[in-house]
Each structure stands twice: as structure tokens, then as C-alpha cells.
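Have a look at the structure below, then the notes.
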Amino acid sequence: MCTRTSDAAAPTEDLAIDATDAAPDEDSGGIDITMINRGSTTCSATGFAGVDIKDADNTSNPIERGQAQPRITTLKPGDAAVFNLAYDIDNTGNSLASPTNILVTPPNETHIVTLEWPARAGDIKGAYTDVEVYPTHTTE
């Protein structure tokens, strides 16, 4: 439970987390990862989440941070925060990436949540090192 002050990180067990395809067009890939505070107190999800992408061959690759400044993200019970993954889409059908899962460690936490790679997400152009994660922000 998130029982600490409003500055405290949201414990992973108090967060409902899911991933959805959020590609803005056919060339730019995007995945929104939403975290909802299902705890009973206000907490923080400020900064960057740790993200690895797990591939069909069962290896995982860490994702680099995008060029953005973290924002203070305070979550009251029931509030949501989102962070984004961004990449270019491979429209050739020759992508070498075969993502199956997204491994998420919420900001200032150590517990990992495994999410399924969204079925409708476009193929990654290049390597997993070409995917970037951006900081959390509120959904309002």
C-alpha cells in the first residue's frame, strides 16, 4: 500500500499497469504504459520507469531514456500516470525485432511487472536500442 507521504514512490503492488498501442501514424510507433494508483493514499510516480523489452528468443534489452525532463507526477488514489515508448516503424516486413513482453520497473521501485507487447503495435525499425522511454506524466 502507498501509506507514506505524498513524496513517497508508489509501490508496484499498488499500481495497476497496462500497455496499449498508441502509434500516431504508420511510420512512428508508440506505446503508452498507464499506471493507476489503486492504493488508499497519495503517492508519486515521478521520473523514468525502467523498461526492458523481452524478445521471442527470451533475451531482454534495456531501453534508453528519451531527451525529456522528468515532471513531478503525484497520484491520488484512482489517479493515472502514463509514460511512453517511442520508435520508428519498420514497414518493410523485414524487422529483426520480435518483442513479446515489456518489463516495467516503476519509477523509484525495484519490483518488475511483465506486460504483453501490444498486439497491434507496429514492428520496430532497427534494434531495441532505437526505442526510447519518456518520463511519467499525468493523463489530464
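The values are calculated or read from the model by the stated rules, or taken from the named source; none is laboratory data. Bear in mind that the values here come from a model prediction, so they are computed numbers and not experimental data. We place every Cβ from the backbone using ideal geometry, glycine too, and count neighbours over all the protein chains shown.
A few comments on the model shown:
- Sole residue being among the β-branched types (Val, Ile, Thr) and within 19 Å of residue 138 (Cβ to Cβ), chosen from 92, 73: 73
- Looking only at segment 36-66, and only at residues there that are more than 20 Å from residue 120 (Cα to Cα), of a type outside the set (A, V, I, L, M, F, W, C) and part of a strand (DSSP E or B), the one that is modelled with the lowest pLDDT: 44
- Yes/no for residue 94 being closer than 11 Å to residue 49 by Cβ, assigned to a loop (DSSP other than H, G, I, E, B) and of a type in the set (S, T, N, Q): no
- In summary, residue 63 fulfils each of the numbered conditions (1) aliphatic (A, V, I, L, M); (2) surrounded by fewer than 16 Cβ atoms within 10 Å (Cβ to Cβ); (3) within 15 Å of residue 107 (Cα to Cα) with the single exception of condition (2).
- Residue match in segment 117-126 (condition: within 26 Å of residue 11 (Cβ to Cβ) and modelled with pLDDT of 95 or more): yes
- Of the residues contained in segment 17-35, none is found to be in a loop (DSSP other than H, G, I, E, B), over 16 Å from the mean Cα position of the chain (by Cα), modelled with pLDDT under 90 and not aromatic (Phe, Trp, Tyr).
- Residues of segment 68-84 satisfying the condition of being of a type in the set (A, V, I, L, M), free of Cβ contacts under 8 Å to residues at least 60 places away in the same chain and surrounded by 15 or more Cβ atoms within 10 Å (Cβ to Cβ): 80, 81, 82
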